[in-house]
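Enquirer: Dumping the structure here so I can ask a few things about it.
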Amino acid sequence: MKGRRQLAAIEPMIFGPLHGLLPGDWHKAPKGKWTIAQIVAHLAKGTDLSSAVLQERANKTGMRRRSTPGQAVLRHLLLMVGKFPPGMKSPERTRPDEKPDVDLVSAQYRMAIERLGTFTETWPEERQTEVFVQHPVLGDLNLKEWVRFHYVHARHHARQIRSRLRYIARGYRESGTQKAVRS
């Protein structure tokens, strides 16, 4: 039940603040930071990857969790506390293209979230804890853990999206910078 609520919260958390965003603004960000389009592309890639592998493994039996003690500690901290540790880098295969197609990555993200929702509704409760997919940093996660991870991950990036929206509202100026005044 909790997992369904978390999945249902993701779309409004990510896309709600973007309603009415001008097409060009999806690709604006301070130097060295991801744009809103890139953030959504990153979320889409990660969610699509995990949900696709979960789907492939839906009927696989006898799986055991593979993770190091360090991964287990990090997994529990991230999933229980609900925050990413500072400096955690995204895996190479989930890094976004330079200028992703907004409609494409938005649809990809929504479909991947929907796929996870279908699993939580159709897989028996015990099955949701028996199928594992490896996360490159946290080790193996089951369906319930992947749902929690994607919720925490979306919340993390929702803060970045709000930061980009403030940057756009300031006329593409970083916080603390002032517009030059002509005399």
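Enquirer: Could you grab the relative contact order for the chain? Cα pairs under 8 Å, six or more apart, rounded to a whole percent.
Expert: Computed value for the chain: 39 percent relative contact order.
Enquirer: Reachable aspartates and glutamates from LYS28, Cα under 13 Å, same-chain residues fewer than 8 places away excluded?
Expert: GLU98, GLU174
Enquirer: Moving on. Quick one: what are the phi-derived ³J(HN,Hα) couplings along region 99-113, Karplus 6.51/-1.76/1.60 with θ = phi - 60°, whole Hz, x for glycine and proline?
Expert: Taking θ as phi minus 60°, the curve returns 9, x, 6, 4, 5, 5, 5, 5, 5, 4, 5, 4, 5, 5, 5 Hz for region 99-113.
Enquirer: GluC sites (Glu not before Pro), restricted to region 80-183: which are DSSP loop and have at most 13 other Cβ atoms within 10 Å?
Expert: Hits after loop and neighbour filter: GLU98, GLU125, GLU126, GLU174.
Enquirer: Which part of region 1-40 falls in the paramagnetic zone of THR118, meaning amide N under 17 Å from the point 7 Å along Cα-to-beta-carbon?
Expert: 4, 7-8
Enquirer: To test your reading of the geometry: what angle, between 0 and 90 degrees and rounded to tens, separates the Cα axis of helix 36-56 from the longest principal axis of the chain?
Expert: The two axes meet at around 10 degrees.
Enquirer: Using alpha carbons only, how many degrees (0 to 90, rounded to 10) separate the axis of helix 2-15 from the longest principal axis of the chain?
Expert: Compared with the principal axis, the helix lies near 20 degrees.
Enquirer: Further question: Ranked highest first by average number of other Cβ atoms within 10 Å, how do 76-87, 6-17 line up?
Expert: 6-17, 76-87
Computed from the coordinates by the stated procedures, all read-outs in this text should not be read as laboratory data. Given the structure is predicted, the values throughout are model-derived calculations rather than measurements. Because the Cβ atoms are built from the backbone with ideal geometry, glycine has one as well, and the counts that use them run over all protein chains shown.
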